[in-house]
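The values are calculated or read from the model by the stated rules, or taken from the named source; none is laboratory data. Values in this document were obtained by computation on a predicted structure and should not be read as measured data. Cβ coordinates were reconstructed from backbone atoms using ideal geometry, including for glycine residues, and neighbour counts include every protein chain displayed.
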There are 2 protein chains.
Amino acid sequence: MSVTPSTDPRPAGRQARLEEILATAWGIAEEQGLAGVSLHEVARRVGLRQPSLYAYVDSKNCLYDAMFGQAAQALLTQVTTVDLPDDPRQAVVVMARSMWSFVRENPVKGQLLFERTIPGFEPSAESYSVAVRYQGWVVDKLFAAGVTDPGDVDICTALMAGLISAQETNEPGGERWFRHLEAVFGMFFAYIDGKSSTPTVARKERATSHATGPEGAPS
Amino acid sequence: MSVTPSTDPRPAGRQARLEEILATAWGIAEEQGLAGVSLHEVARRVGLRQPSLYAYVDSKNCLYDAMFGQAAQALLTQVTTVDLPDDPRQAVVVMARSMWSFVRENPVKGQLLFERTIPGFEPSAESYSVAVRYQGWVVDKLFAAGVTDPGDVDICTALMAGLISAQETNEPGGERWFRHLEAVFGMFFAYIDGKSSTPTVARKERATSHATGPEGAPS
DNA sequence: GTCTATATCCAGATAGAC
DNA sequence: GTCTATCTGGATATAGAC
């Protein structure tokens, strides 16, 4: 998996080519869907012959893997770069909004990260680790907002994913589900508080700490 | 779209063959995924040559369309056949559970119905109408349970879909998300009641009536 | 309805020359 | 690293005989 090791004397040029290849693949994916990416088409656009791609990528799945890594990295940086409000619950909402805008602006990356749409493809451990870091970050923010029960973390992420996927599959880029984001989080936090005997205390005073993910498995 | 009109003297035999073809296609889809269905493979298993399938189906997409119709019909009958409790909110939960068990036992049908996974395929109006009937039925039940705001219907269906998809993509057939079904509905109904000034009144006394779907578009 | 034969197109991957 | 040439396999769809 992943790109072929370089023994090239001009690693800079080689790296540039590889990035060009990846960028081209993204372009095709945006036009024709992820499954529509073929090595032939990539080579065509990049000005190479199809077999030449094997100097950069060991197989088609390795290309997908590299793309997965890029997508995870992009999501991670976007989401960790956002300025979060001090209130941990408002922070969660802002984080969710940021994540949503990511998949809205990068639907193909979202598809690659969150859906299992390509038949034989599983991300390598290396590429996946970035996605895991993203998840850990989300769990941290939820924890700070008082969502400490792993089951509640599962519920929260599922709700988010449900809203997003309903919106983006039925009315991409629209508002029909998006506008309920805040209401849903309000509903969720009310539910959280309702479970606790001292709801209001738990709200604000939570230390940030890195949890080990809700219950192991990833989204 | 749809199957080719029959001029066959033995329509019963022809119909049987067609059903055999569809059943075979389902079998392949269960083994190799929906995209893995090829006319060659269907023909091979059914004991015909690939071109002979065109006596039953106008194109591959027509095959998918017939499958879509079958899936929608199966879901509709399963979900409308279930014995619902008198309490409209308990009824909604039971309905949701029934829907979930459908996609759990028929993951491929669920994929065809609820995900847009096949590149060039859109269900025909005819096949789709069954799915619309299913949706109308769900909206009716929600309405009876006091979920009358179209926006709330959207929220509810998105939550359900989120739970289901989290469960079935991350841990197919498992319990990790499934066990929160009741809690999530409790949360949702509490949210609904919190919006109304007369929450408890609205709970039980609702007449069943067919609504025109939340806001038009389907899931 | 079913067949053979074929047209046409696409894919991923490898061998070996330069 | 890049090329040509090729292997191997797949697909949908059509023509025309029986």
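For every residue, the table says whether it meets (1) modelled with pLDDT of 95 or more; (2) away from DNA strand C (no atom under 14 Å from the Cβ); (3) more than 18 Å from B:Val108 (Cβ to Cβ).
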residue	(1), (2), (3)
B:Ile21	yes, no, no
B:Ala29	yes, yes, no
B:Gly36	no, yes, no
B:Arg44	yes, no, yes
B:Ser59	yes, no, yes
B:Leu63	yes, yes, no
B:Ala72	yes, yes, no
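A search for C-beta distances below 9 Å between a residue of segment B:183-209 that is at pLDDT below 80 and any residue that is of a type in the set (Asp, Glu) and surrounded by 12 or more Cβ atoms within 10 Å (Cβ to Cβ), counting only pairs 6+ apart in sequence or on different chains, returns B:Pro199/B:Asp193; B:Thr200/B:Asp193; B:Ala202/B:Asp193; B:Arg203/B:Asp87; B:Arg203/B:Asp193; B:Lys204/B:Asp87; B:Thr208/B:Asp140; B:Ser209/B:Asp140. Residue by residue through segment A:24-67, note down the ones that are under 21 Å from the mean Cα position of the chain (by Cα), in a helix (DSSP H, G or I) and among the aliphatic types (A, V, I, L, M). Correct list: A:Ala25, A:Ile28, A:Ala29, A:Leu34, A:Ala35, A:Leu63, A:Ala66, A:Met67. The set of residues from segment A:54-70 being more than 8 Å from DNA strand D (Cβ to nearest atom) and hydrophobic (A, V, I, L, M, F, W, C) comprises A:Val57, A:Cys62, A:Leu63, A:Ala66, A:Met67, A:Phe68. Among the residues examined, A:Pro150 does not qualify as closer than 30 Å to B:Ala35 by Cα, assigned by TED's automatic domain parsing to the domain that holds A:Ile192 and away from DNA strand D (no atom under 16 Å from the Cβ). Annotation note: Cβ proximity below 9 Å between a residue of segment A:96-111 that is in contact (Cβ under 8 Å) with a residue 40 or more places away in the chain and under 14 Å from A:Arg179 (Cβ atoms) and a residue that is surrounded by 17 or more Cβ atoms within 10 Å (Cβ to Cβ) and of a type in the set (Gly, Ala, Ser) (sequence gap 6+ or interchain) occurs for A:Arg104/A:Gly110.
The listed residues are A:Asp83, A:Asp87, and the only one of them that is surrounded by fewer than 15 Cβ atoms within 10 Å (Cβ to Cβ) and in contact (Cβ under 8 Å) with a residue 12 or more places away in the chain turns out to be A:Asp87.
Specify which of the listed residues (B:Ser165, B:Ser127) is under 20 Å from the mean Cα position of the chain (by Cα) and facing chain A (nearest Cβ under 10 Å). So the residue among B:Ser165, B:Ser127 that is under 20 Å from the mean Cα position of the chain (by Cα) and facing chain A (nearest Cβ under 10 Å) is B:Ser165. The set of residues from segment A:130-161 being within 14 Å of another protein chain (Cβ to nearest Cβ) and either more than 15 Å from the chain's Cα centre (by Cα) or at positive phi (or both) comprises A:Val147, A:Asp149, A:Pro150, A:Gly151, A:Asp152, A:Val153, A:Asp154, A:Ile155, A:Cys156, A:Leu159. Does A:Val42 fit the bill of being within 16 Å of DNA strand D (Cβ to nearest atom), β-branched (Val, Ile, Thr), within 23 Å of A:Ser127 (Cα to Cα) and out of contact with any Phe, Trp or Tyr (no Cβ under 9 Å at 6 or more places or on another chain)? Yes; evaluated as a whole, the condition is true for this residue.
Restricting attention to segment B:172-182, and to residues there that are within 9 Å of chain A (Cβ to nearest Cβ) and in contact (Cβ under 8 Å) with a residue 12 or more places away in the chain, which single residue is surrounded by the most Cβ atoms within 10 Å (Cβ to Cβ)? Only one residue fits best here, namely B:Trp177.
Does A:Ala29 satisfy the condition of being within 14 Å of chain B (Cβ to nearest Cβ) and either out of contact with any Cys (no Cβ under 8 Å at 6 or more places or on another chain) or surrounded by 16 or more Cβ atoms within 10 Å (Cβ to Cβ) (or both)? Don't jump to the end; show me each part of the working.
Values: within 14 Å of chain B (Cβ to nearest Cβ): yes; either out of contact with any Cys (no Cβ under 8 Å at 6 or more places or on another chain) or surrounded by 16 or more Cβ atoms within 10 Å (Cβ to Cβ) (or both): yes.
It is true that A:Ala29 is within 14 Å of chain B (Cβ to nearest Cβ) and either out of contact with any Cys (no Cβ under 8 Å at 6 or more places or on another chain) or surrounded by 16 or more Cβ atoms within 10 Å (Cβ to Cβ) (or both).
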